[in-house]
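Colleague: Quick one: this structure, given as structure tokens, is what I'll be asking you about.
The values are calculated or read from the model by the stated rules, or taken from the named source; none is laboratory data. Because the structure is predicted, anything quoted here is derived from the model rather than measured. Here the Cβ positions follow ideal geometry from the backbone for every residue, glycine too, while neighbour counts run over all protein chains shown. Keep in mind that these areas ignore ligands, DNA and RNA; they rest on the heavy atoms of the full protein, side chains included. Shrake-Rupley method; radii C 1.70, N 1.55, O 1.52, S 1.80 Å.
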Amino acid sequence: MPELGGRFVAPTSLDEALAAVAAGARVVAGGTDLVVGTRQGKWALPDDLVAIDRIAALRDITPTDGGIRIGATASHADLAANASIRKRWTALADACAIVGSPATRHVGTLGGNLANASPAAETGGPLLCFEATVHLRSSVGARRVAMADLFAGPGRTTAQPGELITAIELPATPRNTGSAYVRLEFRRQMEIAVVGATAVVTLDKHRVSDARIGITALAPTIRRVPAAEAALRATDGGRAAADAAGRQAADAAEPISDVRASAEYRRAMTAVVVRRAILVAVARARGDDVAIPASASPFGAS
């Protein structure tokens, strides 16, 4: 491919896209964050752009050996509506159903959400707790990165220059597993998490045999909380156990104060939001039908 020289290209093959990235082009899919950030003065619009939304292979959502592989340009709307994700990886459907506005969800992509590496990204917590694997490609090779190793800090990932996120793979979930993503929000549209929490819970004879708890917008990167997970395991998953896990999550949080909330408020709300996520996840593991998105459900709110 010739030098771009201030051009916009929209290839239909991955190889063409990777060649453009290798030549220094900035990748754009839905463009929701790139355009907003430019308008807000966070950065200048790049000279060279390569749009990857026309590469059909990057949009596929396909079953694997018990799991599911999601192309990087699958939209939030497609993921929130996908029957398999709603049934087996419900926390991801919860998250995708509340990203931005309906227009944002229609064009915004999962890969773009991860590449931005925002500590408040809705999808990061569910993918972390489901122990997803991120597929990266460049013009010279391919590799896989565990979701736990992807985020390096606010706005930074461990992807190397020239690498493009091509897919996200989720492993199978055990039987009797329920999950939920809940965020504290001040409005229902065009919002990002003030506090967010993911819970993935597996039951064995009405006891919690495994638990994964993630916190969002509460540290430089989205992270799991081992102490909260330990507090929930071997319990009945009820209110007392959820409260105990919530307190552990609050202790582990490293919130900041900004125009949207103080650090003190965020820490106090961590225990509440984590408790809600756990109670919804446990209910879903028991077969209860809790509406998607969990954030809009009154379940566990009181």
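Colleague: Which value at 222 nm does the chain reach when only helices count, each DSSP H run of 4 or more adding -39,500 (n - 2.57), with the total divided by all residues and rounded to the nearest 500 deg cm²/dmol?
Modeller: -9500 deg cm²/dmol
Colleague: Kirkwood Rh over Cα pairs of segment 131-184 into Stokes-Einstein at 4 °C, 1.567 mPa s: D in µm²/s?
Modeller: Diffusion coefficient, whole number: 99 µm²/s.
Colleague: Net charge near T157: determine it from the other residues with C-beta under 12 Å of the C-beta of T157, scoring Lys and Arg +1 and Asp and Glu -1.
Modeller: Counting the neighbours of T157, the net charge comes to -1.
Colleague: In addition: Kindly state, to the nearest 0.05, the FRET efficiency for A296 paired with I256, given R0 = 30 Å and r defined as their beta-carbon distance.
Modeller: 0.70
Colleague: Would you kindly give the portion of the calculated P(r) for segment 84-144 that falls above 13 Å, as a percent of all Cα pairs?
Modeller: Of all Cα-Cα distances in segment 84-144, 67 percent exceed 13 Å.
Colleague: On average over all directions, what projected area in square nanometres does the chain have, based on the convex hull of its Cα atoms?
Modeller: 14.7 nm²
Colleague: Summing +1 for each Lys or Arg and -1 for each Asp or Glu, what net charge is found among the other residues whose Cβ lies under 12 Å from the Cβ of A230?
Modeller: Charge balance in the 12 Å sphere: +1.
Colleague: What does the convex hull of the Cα atoms come to per residue for segment 192-300, in Å³?
Modeller: 87 Å³
Colleague: Return one whole number: the accessible area per residue of the chain in Å², for a 1.4 Å probe.
Modeller: Value returned for the chain: 44 Å² of accessible area per residue.
Colleague: Now a separate question. Restricting to Cα atoms and excluding each atom paired with itself, what does the Kirkwood estimate give for segment 144-216 in Å?
Modeller: 15.2 Å
Colleague: Here's another thing I want to ask about it. What stretch of the chain, leaving out the sites themselves, is the longest with no chymotrypsin sites (Phe, Trp or Tyr not before Pro) in a DSSP loop having at most 12 other Cβ atoms within 10 Å?
Modeller: 44-185
Colleague: Okay, moving on. Sorted by packing (mean other beta-carbon atoms within 10 Å per residue), highest first, where do 246-252, 18-24, 123-129 land?
Modeller: So the order, starting with the most tightly packed, is 123-129, 246-252, 18-24.
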